[in-house]
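The values are calculated or read from the model by the stated rules, or taken from the named source; none is laboratory data. What you see is a predicted model; the values in this text were computed from it and never measured. We place every Cβ from the backbone using ideal geometry, glycine too, and count neighbours over all the protein chains shown.
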Amino acid sequence: MYKDSIAFPNLHILLPHVGKQFAIGNFTIAFYGCVIALGMVIAFAFIMKEAKRLGYKQEDYSDIFLWGLLFGVVGARLYYVAFSWDIYKDDLLSILNLRGGGLAIYGGIIAGAITVFVACRIKKMKFLQVADVVIFGVLIGQIFGRWGNFFNREVFGGYTNNILAMRLPIDSIRTQDDVTAQMLEHLKVIDGVKCIQVHPTFLYESLWNLGVFLFLLWFRKKHKHFEGEIFALYLGLYGVGRYWIEGIRTDQLKIPGTVIPVSQLLAACLFVGSVTWLWWGNYRRMLKKKYPDGRP
């Protein structure tokens with residue numbers, strides 16, 4: 001067992017050397033950033049293709065994507081910093097260091113949605129129509145972005161011995177604050193290297209998001225009935241997955257002064273809001289179908 005290895009023992013998979021970064025000359029590049037950048041490029045390509053398929057102006061969607069991406073990253077960082085203030089309060093410049101991780105997707109979604117809404121008002125476009133397209137880009141970014149957590153050895157859950165259990169050298173993880181007493185109880189020493197075994201929650205969420213993406217891809221062509229329906233489905237389906245995954249993570253961001261994980265609470269609220277939105281949208285659609293002249 002090497003100090004930079006990652007293993008999935010119950011799948012009999014050993015990745016002997018998984019680096020966190022690589023160098024080009026004197027410049028060091030983090031794999032975390034590379035994976036996120038790859039997701040952004042693929043997300044942009046998909047949104048452009050989808051806009052063209054629907055007959056929308058690609059230039060408008062290109063502008064909206066770039067602005068949404070910029071402020072989405074800012075929002076994701078500020079959200080993380082706000083609920084992890086003890087890490088940054090004595091070194092404010094470290095807030096600008098994104099290479100080591102520290103982005104919260106819900107902060108990105110909130111800031112990105114506000115940015116897209118404002119951009120749609122400026123361009124005189126329908127926000128919900130745009131949201132139904134760009135949300136696919138968000139999902140693609142999430143699918144790829146979670147693998148940045150894999151390289152950083154972060155965003156994992158408590159001890160497990162299930163089929164997908166992941167084994168990490170304890171000295172390789174991003175922060176020792178994520179190590180629990182239960183992990184230490186099951187600590188193993190392999191070839192002189194101390195290792196913990198955990199839930200690979202980054203993998204759970206990446207696979208969940210892939211499933212949501214494929215479902216929405218199918219739904220958008222066959223069953224979409226009103227503008228905003230895809231966006232609402234995303235909020236609800238992602239919320240379901242995030243709620244249970246957040247419950248087993250050891251790096252939860254808590255509401256200050258409580259033991260309540262803020263992302264778990266937000267996921268639950270968005271699920272309820274999504275169900276209400278979908279019910280109302282379909283109810284209005286049925287009324288219009290039953291009373292086409294608008295009079296009951």
Legend entry - Answer from Ile110, Ile105, Ile140 - the residue that is buried (at least 16 other Cβ atoms within 10 Å of the Cβ) and modelled with pLDDT of 95 or more: Ile140
Inset, instruction - Could you grab me the full set of residues in region 163-182 that are in contact with a strand residue (DSSP E or B) (Cβ under 8 Å, 6 or more places away or on another chain), among the aliphatic types (A, V, I, L, M) and in contact (Cβ under 8 Å) with a residue 60 or more places away in the chain? - result: Leu164, Ala165, Met166, Leu168, Val179
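Evaluate region 110-119: report whether one residue or more is more than 27 Å from Phe83 (Cα to Cα) and part of a helix (DSSP H, G or I).
The initial filter retains those residues of region 110-119 that are more than 27 Å from Phe83 (Cα to Cα), namely 119.
If we keep only those that are part of a helix (DSSP H, G or I) as well, we get 119.
Looking through region 110-119, at least one residue is more than 27 Å from Phe83 (Cα to Cα) and part of a helix (DSSP H, G or I).
Going residue by residue through region 67-81, is there one that turns out to be of a type in the set (A, V, I, L, M), in a loop (DSSP other than H, G, I, E, B), under 18 Å from the mean Cα position of the chain (by Cα) and buried (at least 17 other Cβ atoms within 10 Å of the Cβ)?
Taking region 67-81 and keeping what is of a type in the set (A, V, I, L, M), we get 69-70, 73-74, 76, 78, 81.
From what is left, the residues that are in a loop (DSSP other than H, G, I, E, B) are none.
No, region 67-81 contains no residue that is of a type in the set (A, V, I, L, M), in a loop (DSSP other than H, G, I, E, B), under 18 Å from the mean Cα position of the chain (by Cα) and buried (at least 17 other Cβ atoms within 10 Å of the Cβ).
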Inset, instruction - Among what's in region 163-178 and is within 22 Å of the chain's Cα centre (by Cα) and among the β-branched types (Val, Ile, Thr), pick the residue that is surrounded by the most Cβ atoms within 10 Å (Cβ to Cβ). - result: Ile173
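This table checks each residue for (1) closer than 17 Å to Leu253 by Cβ; (2) of a type outside the set (D, E, K, R); (3) free of Cβ contacts under 8 Å to residues at least 60 places away in the same chain; (4) buried (at least 22 other Cβ atoms within 10 Å of the Cβ).
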| site | (1), (2), (3), (4) |
| --- | --- |
| Asp86 | yes, no, yes, no |
| Cys120 | no, yes, yes, no |
| Asn152 | yes, yes, no, yes |
| Asn161 | no, yes, no, no |
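Can you say whether Gly241 is of a type in the set (Gly, Ala, Ser), assigned to a helix (DSSP H, G or I) and at pLDDT 95 or above, as far as the supplied structure shows? Write out each step before concluding.
Numbers: of a type in the set (Gly, Ala, Ser): yes; assigned to a helix (DSSP H, G or I): yes; at pLDDT 95 or above: yes.
Yes: the conditions hold for Gly241.
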Inset, instruction - Examine region 238-251 for a residue that is without any contact (Cβ under 8 Å) to a residue 40 or more places away in the chain, in contact with a strand residue (DSSP E or B) (Cβ under 9 Å, 6 or more places away or on another chain) and within 30 Å of Ser84 (Cα to Cα), and state whether such a residue exists. - result: yes
